[in-house]
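Scroll down for the structure; my scribbles are underneath it.
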There are 2 protein chains.
Amino acid sequence: MKFDALVSGHHIVMDALPEVGGNNSGPRPKELMLASLAGCTGMDVISILKKMRVEIETFNINVKADVTEEHPKHYTSMHLVYEFRGKELDPEKLKKAVELSQDKYCGVSAVYRKAMPVTYEIKISE
Amino acid sequence: MKFDALVSGHHIVMDALPEVGGNNSGPRPKELMLASLAGCTGMDVISILKKMRVEIETFNINVKADVTEEHPKHYTSMHLVYEFRGKELDPEKLKKAVELSQDKYCGVSAVYRKAMPVTYEIKISE
C-alpha cells in the first residue's frame, strides 16, 4: 500500500494504516489534499504580507475537514484556522492578505470551493 | 516560502520555486493535489486486485492536469494513465479494478470530479 509519488523531482511517500494493510510509512493520500490547501494559501499569505511589509514571528495554519462515512469517503467541508503571532500586528492587514488568497490567488481553494464549502478564521497573538 | 505540513504525524515539505522566492526544497502545494489523487486511486486498485488474486509486477500512475493561466491558477481537468506490467494480465480485471476505484471508492477523485473532468486510460505490458 506504500506509494512513492515523484512530484517535480521530490519524493512524497503515502501509505495506508496497518488495519487496512499498510505500514503508516507516510500520510494517507486524501490527507494530502489538506496539506495542499494549507501550503497554497500559506504561501500566498506570506507573499502578500511581505509586500505589505508586515513582519510576523510565527505563522501556522490548521485545516479540519468533514468526511463522509459512506463510499466514496470524501471531504464535504473544510475549515482553515490561520494563526499569526507577532508584535503589534494589524488585524486588517492580516485579514486582507487571507482574503486575497482565498478570493483571488489560491488555486487549490478555487477547486475545492467548487466541490464543498471552504471556511476560515483568523487568530492573532503576541 | 517553505512550509512543513504535519499530516498524521508525517512531515511533508512544500516550497516555491526560486523565481518566486522559494528554494524548491519540496513540491509546489498545488501539485500535491495530483499526488493525492494518484495515491488514493492507486491504493484502491492494489487492494481490489489483491482480492481478485491478480498479481502485478509493477504499477505506475501518471497524472497530468491542465491549469489556467489567470488567477486563481487552478486545475481545470486531470487525466490519469494507469500502467500495469505483469505476466498474462487480464485486461478486464484491471479495467474493473480501476472503474471500481474511480466510480465507487476514491474519495479524492469524487471531490475533484465535482470541480472538473477527471479522465483515465489503462496501459498494460508484459
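Please treat every number below as a calculation from the coordinates, not as lab data. Because the structure is a prediction, the values reported are computed rather than measured. Heads up, the Cβs are rebuilt from the backbone with ideal geometry, glycines too, and the neighbour counts pull from every protein chain shown.
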Per-residue HN-Hα couplings for the stretch B:119-126 [Karplus 6.51, -1.76, 1.60; θ = phi - 60°; Hz; x = Gly/Pro]: 10, 7, 9, 10, 10, 10, 9, 9
Inter-part distance where the stretch A:50-91 and the stretch B:92-125 are each reduced to a Cα centre, Å: 30 Å
Mean projected area in nm² (Cα convex hull; one quarter of hull surface) for the stretch A:53-94: 3.9 nm²
Volume of the Cα convex hull of the stretch B:63-122, divided per residue and given in Å³: 77 Å³
P(r), alpha carbons of chain B - 10 Å bins starting at zero, rounded %: 12, 36, 31, 17, 4
Built amide H within the under 5 Å cut-off of A:TYR120, gap 5+: A:LEU80
Length-normalised contact order for the stretch A:21-105 - Cα pairs under 8 Å, 6+ apart - percent: 31 percent
Listed residues A:SER125, A:PHE59, A:ALA110: farthest to the positive end of the dipole of chain A (Cβ charges): A:ALA110
Electrostatic dipole magnitude of chain A [Cβ: Lys, Arg +1; Asp, Glu -1; Cα centre; debye, to 20]: 380 debye
Position A:LYS95, label points 7 Å along Cα→Cβ, spacing to each other copy in nm (shortest first, one decimal): 5.7
Amide proton proximity set for B:SER77, modelled H, under 5 Å, gap of 5+: B:ASP66
Shielding by partners, peptide B:97-103 (average Cβ within 10 angstrom, other chains): 1
Relative pair counts by distance (%), Cα atoms of the protein assembly as shown, 5 Å bins: 1, 6, 13, 18, 18, 16, 11, 7, 5, 3, 2, 1, 0, 0
Debye equation applied to the C-alpha atoms of the stretch A:1-53, log10 I(q)/I(0) at 0.15, 0.24 Å⁻¹: -0.55, -0.90
Anchor A:LYS95: aspartates and glutamates whose Cα lies under 17 Å away (excluding residues fewer than 8 positions away in-chain): A:ASP44, A:GLU55, A:GLU57, A:GLU83, A:ASP103, A:GLU121, A:GLU126
Rg/Rh (Cα only; Kirkwood hydrodynamic radius) as it applies to the stretch B:25-73: 1.14
For A:THR58, inter-copy label distances in nm, listed shortest first [label point 7 Å out on the Cα-Cβ vector]: 4.5
Span-like helix ranges in chain B, DSSP H, alpha carbon extent 20 angstrom or more, Kyte mean at least -1.0: B:29-51
